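Report on the following structure.
The values are calculated or read from the model by the stated rules, or taken from the named source; none is laboratory data. From a predicted model like this one, the values you see are computed outputs, not experimental measurements. So basically every Cβ, Gly included, is an ideal-geometry build from the backbone, and we count neighbours across all protein chains shown.
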Amino acid sequence: MEEDTGKKVAKVATVAGGATAATSAAVTGLGFTSSGIAAGSTAAAIQSGIGAVQAGSLFATVQSLGATGAVFGLGIVGVAVAGVGGLAYLGFKLFSSNKKKEEKKDDESDEEQAEKEDKKKKEVMKKEVDNNDK
């Protein structure tokens, strides 16, 4: 996998995993729990305003996800995906910065070598000029 593509995949995994975990936390925080709608929660207030909850509605779907524990499971998966993505991205960043440092050293070595060669050429030319003057 190309380095830039790997970085992009790692970023997407981190963001998607984080968003999944955050959504899970938000749904649970609103009161959609595995034991049903939490008393006094935002979900309870919405439900009392709706009255009879229509099957297949958004409220019913989220309530079902909370009751089955799927939201909790998604949260765990989201944290795991975000963690792996973050570590992968960090690895790409560290590898790429080390690679750049090595390339810079190689460039500096090439420049130093070129300077030495130029200096030798100048010395040879100066000797030739001095020999011609004699």
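Scanning for something part of a helix (DSSP H, G or I), at pLDDT 70 or above, surrounded by 10 or more Cβ atoms within 10 Å (Cβ to Cβ) and in contact with a Lys or Arg (Cβ under 6 Å, 6 or more places away or on another chain), does segment 114-127 turn up at least one residue? Checked segment 114-127: no residue is part of a helix (DSSP H, G or I), at pLDDT 70 or above, surrounded by 10 or more Cβ atoms within 10 Å (Cβ to Cβ) and in contact with a Lys or Arg (Cβ under 6 Å, 6 or more places away or on another chain). From the list Phe95, Phe59, the one residue that fits, being at pLDDT 75 or above and either among the charged types (D, E, K, R) or exposed (fewer than 14 other Cβ atoms within 10 Å of the Cβ) (or both), is Phe95.
Count of segment 1-43 residues, restricted to those that are farther than 30 Å from Gly83 by Cβ and surrounded by fewer than 16 Cβ atoms within 10 Å (Cβ to Cβ), is 3. Total residues in segment 27-73 satisfying the condition of being over 33 Å from the mean Cα position of the chain (by Cα), part of a helix (DSSP H, G or I) and of a type outside the set (Ser, Thr, Tyr): the figure is 7.
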